[in-house]
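Asker: One structure coming up, written as structure tokens, with questions to follow.
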Amino acid sequence: FKRKFWHNFVNPAQLFINAKQIIAVSKNTKQDLINRYQIEPLKIQTIYSGLSTNYKIIPADNLRLKKNKLKYNLPERFILFLGTIEPRKNLDNLISAFKIFNQAHPDYSLIIAGKLGWKFKKILASIKLNTRIKFVNFIKDSEKRYFYNSAAMFVYPSFYEGFGFPPLEAMACGCPVITSSNSSLSETCQEAALLIDPCNINDLVQAMDILTKKENAEYWRSLGLKKAKEFNWYKTAQEVATLLKNIRLR
């Protein structure tokens, strides 16, 4: 209700009409703006967001990394989801896929971490039914990198994202990624992640199984590290500055 009220109060449609230029964080978002608000394409420029330099590989013997594992009682081998707990993130299918996956790989656990969003109660109820799935409530930004560095793989089967920070953050920390082949996710992650159909549970199970093999995990890990370097705030700032300069010269 609060989000709907804010959206109506801000009146984005009128803001778009008044704006000289609009920055979209992805080509997918640009197309959404065109389709939804009938905006002239030339009025919208795509400028990708950047990643914080805090997201990086941390040595296994790092003291803070070890303390984070103890603080949250993290298992030795786990799959990580980090995002808002709400239906849009497709956690129902992730939980169902993990149940199937766990039968063949009983040594893995699933950690679902993030703040509570809308319609979260049903999701939390499903989590409580499986002892191999653990829910960690909202965690600080400063702690996220320790989760990414500790996980065996990162799974983000969201139904829709305008940009999608978590998969790229995980890549920057050297964690192999599985994510959806939709919205902006396939655009930003491209070949650096295992892309799956978020509506196909078997597709998700197979992807997780692929990353249990060390050589496969290392392959996607290396691709992810390379991809994450393409997104930095310095580059973003340069593109925004150029756009503002061009607007001023018109």
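The values are calculated or read from the model by the stated rules, or taken from the named source; none is laboratory data. These numbers come from a predicted model, not from an experiment. As a convention, Cβ positions derive from the backbone with ideal geometry for all residues, glycine included, and neighbour counts pool all protein chains shown. Note: accessible area is taken over every heavy atom of the protein model, side chains too, but ligands, DNA and RNA are not part of it. Shrake-Rupley method; radii C 1.70, N 1.55, O 1.52, S 1.80 Å.
Asker: Determine, yes or no, whether Tyr146 is at pLDDT 95 or above, outside any helix (DSSP H, G or I) and either within 28 Å of Asp32 (Cβ to Cβ) or open to solvent by 10 Å² or more (accessible area, probe 1.4 Å) (or both). Outline the logic, then answer.
Answerer: Values: at pLDDT 95 or above: yes; outside any helix (DSSP H, G or I): no; either within 28 Å of Asp32 (Cβ to Cβ) or open to solvent by 10 Å² or more (accessible area, probe 1.4 Å) (or both): yes.
It is false that Tyr146 is at pLDDT 95 or above, outside any helix (DSSP H, G or I) and either within 28 Å of Asp32 (Cβ to Cβ) or open to solvent by 10 Å² or more (accessible area, probe 1.4 Å) (or both).
Asker: Now for a different question. Mind checking whether some residue in region 230-248 is basic (Lys, Arg) and modelled with pLDDT under 95?
Answerer: Yes, region 230-248 contains a residue that is basic (Lys, Arg) and modelled with pLDDT under 95.
Asker: Within region 32-50, which residues are assigned to a helix (DSSP H, G or I) and either in contact (Cβ under 8 Å) with a residue 60 or more places away in the chain or open to solvent by 30 Å² or more (accessible area, probe 1.4 Å) (or both)?
Answerer: Those that are assigned to a helix (DSSP H, G or I) and either in contact (Cβ under 8 Å) with a residue 60 or more places away in the chain or open to solvent by 30 Å² or more (accessible area, probe 1.4 Å) (or both): Asp32, Ile34, Asn35, Arg36, Tyr37, Pro41, Leu42, Lys43.
Asker: Just name the residue that is surrounded by the most Cβ atoms within 10 Å (Cβ to Cβ) out of those in region 73-94 that are of a type outside the set (D, E, K, R) and over 22 Å from Met171 (Cα atoms).
Answerer: Only one residue fits best here, namely Asn93.
Asker: Can you spot a residue in region 129-136 that is of a type in the set (D, E, K, R), free of Cβ contacts under 8 Å to residues at least 12 places away in the same chain and farther than 23 Å from Asn202 by Cβ?
Answerer: Within region 129-136, not a single residue is of a type in the set (D, E, K, R), free of Cβ contacts under 8 Å to residues at least 12 places away in the same chain and farther than 23 Å from Asn202 by Cβ.
Asker: A further question follows. Among strands (runs of 3 or more DSSP E) lying entirely in region 153-250, which contain 2 or more residues that are open to solvent by less than 10 Å² (accessible area, probe 1.4 Å) and not charged (D, E, K, R)?
Answerer: The qualifying strands (runs of 3 or more DSSP E) are 153-156, 177-180.
Asker: Please count how many residues of region 137-172 are of a type outside the set (D, E, K, R) and in contact with an Asp or Glu (Cβ under 8 Å, 6 or more places away or on another chain).
Answerer: Residues flagged as of a type outside the set (D, E, K, R) and in contact with an Asp or Glu (Cβ under 8 Å, 6 or more places away or on another chain) within region 137-172 amount to 2.
Asker: Kindly indicate which of Ile210, Ile123, Ile127, Ile196 is touching a Phe, Trp or Tyr at 6+ places or on another chain (Cβ under 6 Å) and over 13 Å from Leu82 (Cα atoms).
Answerer: It is Ile127.
Asker: Return the total of residues in region 51-71 being touching a residue at least 60 places away in the same chain (Cβ under 8 Å), out of contact with any Cys (no Cβ under 8 Å at 6 or more places or on another chain) and either part of a helix (DSSP H, G or I) or buried (at least 17 other Cβ atoms within 10 Å of the Cβ) (or both).
Answerer: 5
Asker: For Thr29, indicate whether it is outside any strand (DSSP E or B), surrounded by 19 or more Cβ atoms within 10 Å (Cβ to Cβ) and hydroxyl-bearing (Ser, Thr, Tyr).
Answerer: yes
Asker: Need the failing condition index for Asp141 against (1) in contact with a Pro (Cβ under 9 Å, 6 or more places away or on another chain); (2) surrounded by fewer than 23 Cβ atoms within 10 Å (Cβ to Cβ); (3) charged (D, E, K, R), just the number.
Answerer: Of the numbered conditions (1) in contact with a Pro (Cβ under 9 Å, 6 or more places away or on another chain); (2) surrounded by fewer than 23 Cβ atoms within 10 Å (Cβ to Cβ); (3) charged (D, E, K, R), the odd one out for Asp141 is (1).
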